[in-house]
Amino acid sequence: MSETPVSVTKKAEPQAAAVPAQATSPENGEVLLRVEGLVKHFPIKKGILQRQVAAVKAVDGIDFEVRKGETLGVVGESGCGKSTMGRVITKLIEPTGGKIEFEGQDITKLGTRGMRPLRRDIQMIFQDPYGSLNPRHTIGSIVSAPFRLQGVEPEGGVKKEVQRLLELVGLSPEHFNRYPHEFSGGQRQRIGIARALALKPKLVVADEPVSALDVSIQAQVVNLMDDLQSELGLTYVIIAHDLSVVRHVSDRIAVMYLGKIVELADRTSLYEAPMHPYTKALMSAVPVPDPTRRGAKSERILLKGDVPSPISPPSGCRFHTRCWKATEICKTSEPPLLQLAPGRQVACHHPENAEDQAPDDTTLLAVAKEAIEVVTLARTDTEPEPATESEPDSEPETSDVADVTDAADETDAADSGDAADSGDESEVQPSADADEPDDVQESTDK
Amino acid sequence: MTELSKTGAAVGEPVAEGPSKPPTAFLEVRDLKVHFPTDDGLVKSVDGLSFKLERGKTLSIVGESGSGKSVTSLAIMGLHRLGARGKNVKMSGEIWLDGKELIGAAPDDVRRLRGRDMAMIFQDPLSAMHPYYTVGNQIVEAYRVHNNVSKKVARTRAVELLDRVGIPEPAKRVDSYPHEFSGGMRQRAMIAMSLANNPQLLIADEPTTALDVTVQAQILDLIRDLQKEFESAVVLITHDLGVVAEIADQVLVMYGGRCVERGPVEQIFAEPQHPYTWGLLGSMPRIDREQTERLVPVKGQPPSLINVPSGCAFHPRCPYADLPKGGITRTQRPELQEVGGDHFSACHLSPEDRTRIWTEEIAPKL
Ligand SMILES: Nc1ncnc2c1ncn2[C@@H]1O[C@H](COP(=O)(O)OP(=O)(O)OP(=O)(O)O)[C@@H](O)[C@H]1O
Ligand SMILES: Nc1ncnc2c1ncn2[C@@H]1O[C@H](COP(=O)(O)OP(=O)(O)OP(=O)(O)O)[C@@H](O)[C@H]1O
Ligand code: SF4
Ligand code: SF4
Ligand SMILES: [Mg+2]
Ligand SMILES: [Mg+2]
């Protein structure tokens, strides 16, 4: 447990009496991981010759640093490339381009053998707990695998250490001999966490580490990760869609959109004054755990345009097909990720809460005028039939969403990837990275 | 039997009568038990659960990870008896859906209901989808099993469904394989599959855990639409209390395979009556507040389901276990009792103690 005794006034329980490690994390500490121009494309091949005809641009040029001992949160729409980014920086799959440096060493080109000594230091917690656990192994053997593979003998023996780890994540000895299918969703997720933390790595990339956990066990795991961070100086990259959790655990947060980072900021400023329009929309959609506020306070910005295809992303700013502030320049020129305030980087021509970067360009694109709908939530039982609600036989709401995108613009976001065209000869190359069983110690690419 | 409240679902009250008594609600679960024999002993995953749910209503089941939420839903869907799982499960109790009892029913009858009258969104999309078939083919199959239509018609339906769950370029993505989707896209594909036949009962097990909030909002709207259009009953399992607050009519809190509290959603948030529920509410990180303090989990470990703690299963972790007289919490299992309008709690604390603790100790900290 942590050492700093702090007068946390109200929450007097013993477990509450410490400040999370990240609150004190180094502002300008040493860089542990540096990523430059990182790109990962999944080729789409066609025909007998398997000619590459296009690519899913899952990660398309991102730069960031992670400092020693800090937690970087990563958020963004489903499918925007978060998991892919995580797999690339842990070298579970090979990047298409760009550079990855770990502790100053360029690891971009390291192969399986070159990476082996680093495997111990860089661990990943997978998004899909079931897919990442070998169904034929018991939990005991899955969690002890890292010790076997790295030839590490913990004090008191492997079995004892594994039991300690399981207990730390809220599992009990009665689980030791069970197989993955005999566990609940949240229990599987905790097994993945125990495995990743086994060797006390330096960097842990955690892909939705607590999404399947009830709030109490979630709190327990978050606190455990905090403790390890302050005890061992661990560094985390935490990918999560739960913005309350991200707010709690992160020092800084990167917001991704369609393969790019659109905003990078410390947690307080990001939540209090988001600058990128996408970040703003994202924040507004968070449900608040208070039924009395249902209908009243929960106003949210609903993005109406559909997520464009990562096969041929929109020109200029990738968000312009859904942004309510988009102007001509947004369509033609890609906004660079710029520092607009201390510690805040944003890629937008017309940011919120900051100076307009292209003040002369004021004419909104046609699509911008219909890009969003501000909705309030309606109760299902008390309210008769609010006017905004579609009649049973009228068009479903989502269909006009589709229309918006279609009519939206000429950037062919809509009729983009004929590459994705699924003619029978077209095939998205399955990379060898399907969630790996418990030998994630080895790079699985190739 | 208790009069149904205005909010529709009445859940959890002790049901004493024999199997002959006809159900009064659309879905009625009575004294459900699901046990798994293992080498280490009998795992009592669900151990005496009862609830009711009316058409057009949403019941949220919340509770600790491993408390039996998914096992309950699989039981309703008749999925425990299938395949390798079936060999190793003991089930008892009654599950009534629209007047039909399912636990004693022939597997074929249950299969006919499954996918048409009742559908489930599984917690784990990867394990519920076949890796070697395209997403589209799996939806087409789900639709054609219960509808006598051509492949072409079914495919149109599949594209429409993928569109409704927000998959970009559905006409193209319909031919992707599950591994080519991101985690959240897989989850949405599964939601599309389960909605294919406009089910009357939808069980959604953590339907939005892998989804970002914008897509989550869209999916919740979709479930609401389904409910409005077809009067479907929805059981929503989630640990996201924000989602619960937003969509549920009734809430059922599970701990160690049993219901410890249930009631109308407003009541559960405004005046929860069980120490475990207090613990849950207290451990939540809140986005609407700057939070620099440490999170407060319920202390202690989840209970063993093999050697379930005696008396109240929560007693080893309950800060108030010593308040009720005579150590009764350790010897006698508390039954669900009405503590307010249509609101039930299984706890030995006296009403005065509960009110005092809630208003003085718990609520001010939330
Ligand atoms: N092996 C693969 N082959 C082809 N395309 C892929 C592959 N893996 C991912 N993709 C595509 O890359 C894009 C990004 O996927 P990724 O899994 O990184 O998203 P994500 O941000 O993690 O989303 P989620 O929040 O839903 O998990 C998606 O469009 C996905 O379909
Ligand atoms: N086949 C099985 N054999 C033995 N035990 C099992 C089996 N399936 C489930 N269990 C146990 O039953 C309990 C209830 O599992 P269930 O999946 O219902 O939990 P849950 O409430 O859905 O949790 P979560 O929120 O983590 O998904 C768990 O403790 C689990 O370990
Ligand atoms: S204002 Fe322009 S640059 Fe900024 S997010 Fe909107 S479209 Fe992109
Ligand atoms: S019965 Fe006793 S141990 Fe159980 S919740 Fe109530 S006070 Fe706590
Ligand atoms: Mg992902
Ligand atoms: Mg579950």
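The values are calculated or read from the model by the stated rules, or taken from the named source; none is laboratory data. Note that the coordinates shown come from a computational prediction; the quantities given were computed from them, not determined experimentally. Note that we place each Cβ from the backbone using ideal geometry, even for glycine, and neighbour counts take in every protein chain shown. Ligands, DNA and RNA are excluded from the accessible area calculation, which covers all protein heavy atoms including side chains. Shrake-Rupley method; radii C 1.70, N 1.55, O 1.52, S 1.80 Å.
Please pick out the residue among A:GLY69, A:GLY97, A:GLY81 that is away from ligand 3 (no atom under 16 Å from the Cβ), in contact with a Gly (Cβ under 7 Å, 6 or more places away or on another chain), under 23 Å from A:PHE42 (Cα atoms) and more than 14 Å from chain B (Cβ to nearest Cβ). Give the derivation first.
On the way: A:GLY69 fails: under 23 Å from A:PHE42 (Cα atoms); A:GLY81 fails: more than 14 Å from chain B (Cβ to nearest Cβ).
Testing whether each residue is away from ligand 3 (no atom under 16 Å from the Cβ), in contact with a Gly (Cβ under 7 Å, 6 or more places away or on another chain), under 23 Å from A:PHE42 (Cα atoms) and more than 14 Å from chain B (Cβ to nearest Cβ) leaves just A:GLY97.
When region B:273-284 is examined, which residues are found to be in a loop (DSSP other than H, G, I, E, B) and out of contact with any helix residue (DSSP H, G or I) (no Cβ under 6 Å at 6 or more places or on another chain)? Step through it out loud before you land on a result.
Step one: of region B:273-284, the residues in a loop (DSSP other than H, G, I, E, B) are B:273-274, B:283-284.
Matches in region B:273-284: B:HIS274 only.
Residues in region B:247-257: is at least one touching a Pro at 6+ places or on another chain (Cβ under 8 Å) and in a helix (DSSP H, G or I)?
No, region B:247-257 has no match at all.
Within region B:174-185, can you find the residues that are more than 7 Å from chain A (Cβ to nearest Cβ) and either within 15 Å of ligand 5 (Cβ to nearest atom) or out of contact with any helix residue (DSSP H, G or I) (no Cβ under 6 Å at 6 or more places or on another chain) (or both)?
We begin by selecting, within region B:174-185, every residue more than 7 Å from chain A (Cβ to nearest Cβ); these are B:174, B:177-178, B:181.
Of everything in region B:174-185, those that are more than 7 Å from chain A (Cβ to nearest Cβ) and either within 15 Å of ligand 5 (Cβ to nearest atom) or out of contact with any helix residue (DSSP H, G or I) (no Cβ under 6 Å at 6 or more places or on another chain) (or both) turn out to be B:TYR177, B:PRO178, B:PHE181.
Which of the residues that make up region B:141-162 are open to solvent by less than 20 Å² (accessible area, probe 1.4 Å) and within 14 Å of another protein chain (Cβ to nearest Cβ)? Full working, then the answer.
So the first thing to find is which residues in region B:141-162 are open to solvent by less than 20 Å² (accessible area, probe 1.4 Å), and the list is B:154, B:158, B:161-162.
Matches in region B:141-162: B:ALA158, B:LEU161, B:LEU162.
Going through region A:139-171 one residue at a time, which ones are open to solvent by less than 30 Å² (accessible area, probe 1.4 Å) and under 22 Å from A:ILE217 (Cβ atoms)?
Residues satisfying the conditions are A:ILE139, A:GLY140, A:ILE142, A:VAL143, A:GLU161, A:VAL162, A:LEU165, A:LEU166, A:VAL169, A:GLY170, A:LEU171.
Could we say that B:LEU305 is within 30 Å of A:GLU182 (Cβ to Cβ), within 7 Å of chain A (Cβ to nearest Cβ) and touching an Asp or Glu at 6+ places or on another chain (Cβ under 9 Å) here?
Values: within 30 Å of A:GLU182 (Cβ to Cβ): yes; within 7 Å of chain A (Cβ to nearest Cβ): no; touching an Asp or Glu at 6+ places or on another chain (Cβ under 9 Å): yes.
Criteria not met by B:LEU305.
What are the residues in region B:170-192 that are in contact (Cβ under 8 Å) with a residue 40 or more places away in the chain and over 17 Å from B:ALA142 (Cα atoms), if any?
Kept after step one, since they are in contact (Cβ under 8 Å) with a residue 40 or more places away in the chain, are these residues of region B:170-192: B:174-179, B:181, B:183, B:186-187, B:189-192.
Of everything in region B:170-192, those that are in contact (Cβ under 8 Å) with a residue 40 or more places away in the chain and over 17 Å from B:ALA142 (Cα atoms) turn out to be B:HIS179, B:PHE181, B:GLY183.
Does A:SER315 satisfy being modelled with pLDDT under 85, more than 16 Å from ligand 2 (Cβ to nearest atom), within 24 Å of the chain's Cα centre (by Cα) and hydroxyl-bearing (Ser, Thr, Tyr)?
Details: modelled with pLDDT under 85: no; more than 16 Å from ligand 2 (Cβ to nearest atom): yes; within 24 Å of the chain's Cα centre (by Cα): yes; hydroxyl-bearing (Ser, Thr, Tyr): yes.
In short, no.
Taking only pairs six or more apart or across chains, which ones have beta-carbon atoms under 8 Å, a first residue in region A:240-268 that is touching a residue at least 60 places away in the same chain (Cβ under 8 Å), and a second residue that is hydroxyl-bearing (Ser, Thr, Tyr) and within 12 Å of ligand 1 (Cβ to nearest atom)?
Hits for this filter: A:ALA240/A:SER211; A:HIS241/A:SER78; A:HIS241/A:SER211.
Among (1) within 27 Å of B:ASP205 (Cβ to Cβ); (2) at pLDDT 90 or above; (3) not hydrophobic (A, V, I, L, M, F, W, C), which single condition is A:GLY131 missing?
Every listed condition holds for A:GLY131 apart from (2).
Does region A:213-224 include one or more residues that are touching a residue at least 24 places away in the same chain (Cβ under 8 Å), within 12 Å of another protein chain (Cβ to nearest Cβ) and in contact with a strand residue (DSSP E or B) (Cβ under 8 Å, 6 or more places away or on another chain)? Before the answer, list the steps.
Looking only at region A:213-224, we keep the residues that are touching a residue at least 24 places away in the same chain (Cβ under 8 Å), and these are A:213-214, A:217-218, A:220-224.
If we keep only those that are within 12 Å of another protein chain (Cβ to nearest Cβ) as well, we get A:213-214, A:217-218, A:220-224.
Next cut, in contact with a strand residue (DSSP E or B) (Cβ under 8 Å, 6 or more places away or on another chain) only: A:214.
Yes.
Is it the case that B:GLN267 is more than 9 Å from chain A (Cβ to nearest Cβ) and part of a helix (DSSP H, G or I)?
Yes.
Return yes or no: is B:LEU97 open to solvent by less than 20 Å² (accessible area, probe 1.4 Å) and either in contact with a strand residue (DSSP E or B) (Cβ under 8 Å, 6 or more places away or on another chain) or hydrophobic (A, V, I, L, M, F, W, C) (or both)?
On the way: open to solvent by less than 20 Å² (accessible area, probe 1.4 Å): yes; either in contact with a strand residue (DSSP E or B) (Cβ under 8 Å, 6 or more places away or on another chain) or hydrophobic (A, V, I, L, M, F, W, C) (or both): yes.
For B:LEU97, the condition - open to solvent by less than 20 Å² (accessible area, probe 1.4 Å) and either in contact with a strand residue (DSSP E or B) (Cβ under 8 Å, 6 or more places away or on another chain) or hydrophobic (A, V, I, L, M, F, W, C) (or both) - is met.
Enumerate the helices (runs of 4 or more DSSP H) found wholly within region B:47-125, keeping only those where 3 or more residues are within 13 Å of chain A (Cβ to nearest Cβ) and within 10 Å of ligand 2 (Cβ to nearest atom). I'd like the intermediate steps shown before the answer.
Working: elements: B:69-76, B:83-86, B:107-113.
Result: B:69-76.
Matching residues to (1) touching a residue at least 12 places away in the same chain (Cβ under 8 Å); (2) part of a helix (DSSP H, G or I); (3) within 21 Å of the chain's Cα centre (by Cα); (4) more than 14 Å from chain B (Cβ to nearest Cβ):
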{"position": "A:GLN52", "(1), (2), (3), (4)": "no, no, no, yes"}
{"position": "A:LYS57", "(1), (2), (3), (4)": "yes, no, yes, no"}
{"position": "A:ASP60", "(1), (2), (3), (4)": "yes, no, yes, yes"}
{"position": "A:VAL74", "(1), (2), (3), (4)": "yes, no, yes, no"}
{"position": "A:GLY114", "(1), (2), (3), (4)": "no, yes, no, yes"}
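Tell me, which residue of region A:27-50 that is within 14 Å of chain B (Cβ to nearest Cβ) and in contact with a Gly (Cβ under 9 Å, 6 or more places away or on another chain) is farthest from A:SER211 (Cα to Cα)?
Looking only at region A:27-50, we keep the residues that are within 14 Å of chain B (Cβ to nearest Cβ), and these are A:40-46.
Cutting the leftovers down to in contact with a Gly (Cβ under 9 Å, 6 or more places away or on another chain) gives us A:40-41, A:44, A:46.
On the way: A:LYS40: 25, A:HIS41: 27, A:ILE44: 31, A:LYS46: 37 Å.
By that ranking, first place goes to A:LYS46.
From the residues in region A:70-102 that are under 13 Å from A:ASP60 (Cβ atoms) and away from ligand 5 (no atom under 13 Å from the Cβ), which one is surrounded by the most Cβ atoms within 10 Å (Cβ to Cβ)?
Checked region A:70-102; the qualifying residue surrounded by the most Cβ atoms within 10 Å (Cβ to Cβ) is A:PRO95.
So which residues in region B:184-193 are of a type outside the set (A, V, I, L, M) and open to solvent by less than 10 Å² (accessible area, probe 1.4 Å), if there are any at all? Reasoning before the result, please.
Quick first cut of region B:184-193, residues of a type outside the set (A, V, I, L, M) only: B:184, B:186-188.
Of everything in region B:184-193, those that are of a type outside the set (A, V, I, L, M) and open to solvent by less than 10 Å² (accessible area, probe 1.4 Å) turn out to be B:GLY184, B:GLN187, B:ARG188.
This table checks each residue for (1) at pLDDT below 90; (2) hydrophobic (A, V, I, L, M, F, W, C); (3) more than 16 Å from ligand 6 (Cβ to nearest atom).
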| site | (1), (2), (3) |
| --- | --- |
| A:GLY343 | yes, no, yes |
| A:VAL346 | no, yes, yes |
| A:ALA371 | yes, yes, yes |
| A:VAL375 | yes, yes, yes |
| A:THR382 | yes, no, yes |
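What is the one condition in (1) farther than 20 Å from A:SER211 by Cβ; (2) within 16 Å of ligand 2 (Cβ to nearest atom); (3) in contact with a helix residue (DSSP H, G or I) (Cβ under 7 Å, 6 or more places away or on another chain) that A:GLU167 does not satisfy?
(3)
Just for region A:187-238: of the residues that are among the aliphatic types (A, V, I, L, M) and in contact with a Gly (Cβ under 6 Å, 6 or more places away or on another chain), which one is nearest to A:MET283 (Cα to Cα)? Working first, answer last.
Going through region A:187-238, the residues among the aliphatic types (A, V, I, L, M) turn out to be A:191, A:193-194, A:196-199, A:203-206, A:210, A:212-213, A:215, A:217, A:219, A:221-222, A:224-225, A:228, A:232, A:234, A:237-238.
Add one more test, that the residue is in contact with a Gly (Cβ under 6 Å, 6 or more places away or on another chain), and what stays is A:205, A:212-213, A:217, A:238.
Values: A:VAL205: 23, A:ALA212: 21, A:LEU213: 22, A:ILE217: 24, A:ILE238: 18 Å.
Looking at residues that are among the aliphatic types (A, V, I, L, M) and in contact with a Gly (Cβ under 6 Å, 6 or more places away or on another chain), I get A:ILE238.
Do you know which of the residues in region A:249-265 that are more than 12 Å from chain B (Cβ to nearest Cβ) and not small (Gly, Ala, Ser) is farthest from ligand 4 (Cβ to nearest atom)?
Looking at the filtered set, the residue picked out is A:LYS260.
Any idea which of (1) more than 16 Å from ligand 3 (Cβ to nearest atom); (2) within 11 Å of chain A (Cβ to nearest Cβ); (3) crowded, with 22+ Cβ neighbours inside 10 Å; (4) not in a loop (DSSP other than H, G, I, E, B) is the one B:THR214 doesn't satisfy?
(1)
Hey, among A:VAL169, A:VAL152, which residue is more than 9 Å from every other protein chain (Cβ to nearest Cβ) and over 22 Å from B:GLN301 (Cα atoms)?
On the way: A:VAL169 fails: over 22 Å from B:GLN301 (Cα atoms).
Checking each option against the conditions leaves just A:VAL152.
Which residues, counting only those in region B:270-287, are touching a Leu at 6+ places or on another chain (Cβ under 7 Å), facing chain A (nearest Cβ under 7 Å) and within 13 Å of B:LYS365 (Cα to Cα)?
Across region B:270-287, the qualifying residues are B:SER283, B:MET284, B:PRO285.
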